[in-house]
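Structure, as structure tokens:
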Amino acid sequence: MKTALFPGSFDPYTKGHESVVRRALSLFDKVIVVVGLNPGKQTLFSAEERRRQIAACHAGDKRVEVCVWNGLTVDLAREKGAGFILRSVRSVADYEYERNMAQVNDVLSHHTVETVLLLAEPGQEALQSSVVRELLSHGQDVSAFVPQAVLPLLVKSDQSK
């Protein structure tokens, strides 16, 4: 079984995320979405909230597993038996960084895990959570950017502040 990890502290509620997972499922038998947070970075949702949101987006699809991990992705890949790490490229500026991350993963895994770069589909680039929060705070309609399954969670979270 070909298994791939999709790591990062990306925003789980964007169509860009769903697009990458959907395309990854056409290449792999299973995709493990890994939620991690940069310890020094302030975020809108906790890691567990992000995990639940992502899991809700993929509810019923047994090919998608969602977990929280705060270590090296290559260590989790070994633990889960994944031979591939997915990286999402949303723009030209992302490409060099993601290519460098692929080289780091290769060295850290001792050449046992391959990194696959997946381009975000045109118009499906991920938005930063700060942008979504800013749009919501001004009463803007974010439905064009956010999957319908997650929109109620964003609105509820924004109203509780």
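The values are calculated or read from the model by the stated rules, or taken from the named source; none is laboratory data. Note that the coordinates shown come from a computational prediction; the quantities given were computed from them, not determined experimentally. A quick note on method: Cβ atoms are made from the backbone with ideal geometry, for glycine too, and the neighbour counts reach across all protein chains shown.
The table below gives the values:
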{"read-out": "Test: residue in the range 56-63 that is crowded, with 18+ Cβ neighbours inside 10 Å and either in a helix (DSSP H, G or I) or at pLDDT below 90 (or both)", "value": "yes"}
{"read-out": "Residues that are in contact (Cβ under 8 Å) with a residue 12 or more places away in the chain and assigned to a loop (DSSP other than H, G, I, E, B), drawn from the range 64-87", "value": "69, 70, 72, 81, 82, 83"}
